[in-house]
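Report on the structure given below.
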Amino acid sequence: MEKVGFIGLGRMGRPMAANLCRKGFGVTGYDVTPEAVAAFEALQGRGASSVAEAVAGAGIVVTMLPNSAIVREVVAGPGGVFAHAARGALVMDMSTVDPTTTDELAAAAAARGLSFVDAPVGRLASHADAGQSLFMVGAADADFARVKPLLEAMGSTIHHCGPPGAGMRTKLVNNFLAVASCQMNAEALALAARLGLDLQTTLSVLYGTTAKNGQLEINWPSKSLAGDVSPGFTIDLAHKDLSLIVEAANAARLPMPIAAAAREAFSSARARGFGGQDFSAMLDAHCALVGLTPPRLPR
């Protein structure tokens, strides 16, 4: 097994790196937050105090970071991954970023004799905990074969979407539907509440028709409908992804009016203090906007 450097040990990155350790990979992890490194060490990982230390001797370097600017700085900036990676190493970015960032990093990696893979993550933090993440991978065939054992250790579903950049673009398509559906669900359930309908009966109807969607059936019953708005994936991050989606669509001269409207709804939620809550809490944000008590399933 190749030695792995893992940079970004947050809510998604830490369990993914820990799953690699459990499956026998030698992983050195780094995060700008010392507490995150300590938590990774408690899961049997080896902590690093810098990007350079995490990258040293690694055949594969994984990054799982919050946004495009941070990914560019950590991977290609002074003292970053590219500056310390040995020729022939592979860099796999699992963050959700602007596709042009992915394209730029892939080209810069090739110029340095490095391989580059984008493998953004589907599903939620709870799936990362259980090693059941879904990956959308953009990679050359040989590089996909090289990272596949790592992906199998961290997840249960792997899609090779095409060359570098294809994984990131697929992620934006996926997240448009996943995130925008939260606003539609919020409006639908607020309407049901305003009309005096029983929540359980309404959900039973929706689950039995083509109105059903994964957020409403799988995520919401254990999150906002249960009164749990602790973040698996925050409204802030969902807003970031909607911004990436709208910007990518604008660059491609593709109108996406629903995506634009959903982004403004998420902007409103953030402005009113809901940004750090789970993105299913768009229900709470919308109900607060219209003066409704958020509907909840009975315990």
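Please treat every number below as a calculation from the coordinates, not as lab data. The structure displayed is predicted, hence computed values, not measured ones. Note: ideal-geometry Cβ built from the backbone for every residue, glycine included; neighbour counts use all protein chains shown.
The table that follows gives values for the structure above.
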| item | result |
| --- | --- |
| Order of TYR207, TYR30 - criterion: other Cβ atoms within 10 Å of each residue's Cβ, fewest first | TYR207, TYR30 |
| Mean-position separation - Cα centroids, the stretch 28-48 and the stretch 55-116, in angstrom | 20 |
| The chain: Lys pairs at Cα distance under 19 angstrom, eight or more positions apart or on different chains | 6 |
| Antiparallel DSSP beta bridges within the chain, percent to nearest 5 | 15 |
| Positive minus negative residues near ILE158 (Lys, Arg vs Asp, Glu; Cβ under 15 Å) | +1 |
| 15 Å beta-carbon shell around GLY273, net charge (K/R +1, D/E -1) | -1 |
| Footprinting exposure proxy for VAL173, VAL74, VAL91 (fewest neighbouring C-beta atoms within 10 Å first) | VAL173, VAL74, VAL91 |
| Antiparallel bridges, percent of DSSP beta bridges restricted to the stretch 4-164 (to nearest 5) | 10 |
| Net length gained if the chain between ASN250 and LEU199 were fully extended (0.36 nm per residue, minus Cα distance) | 14.6 nm |
| 9 Å beta-carbon shell around GLY8, net charge (K/R +1, D/E -1) | 0 |
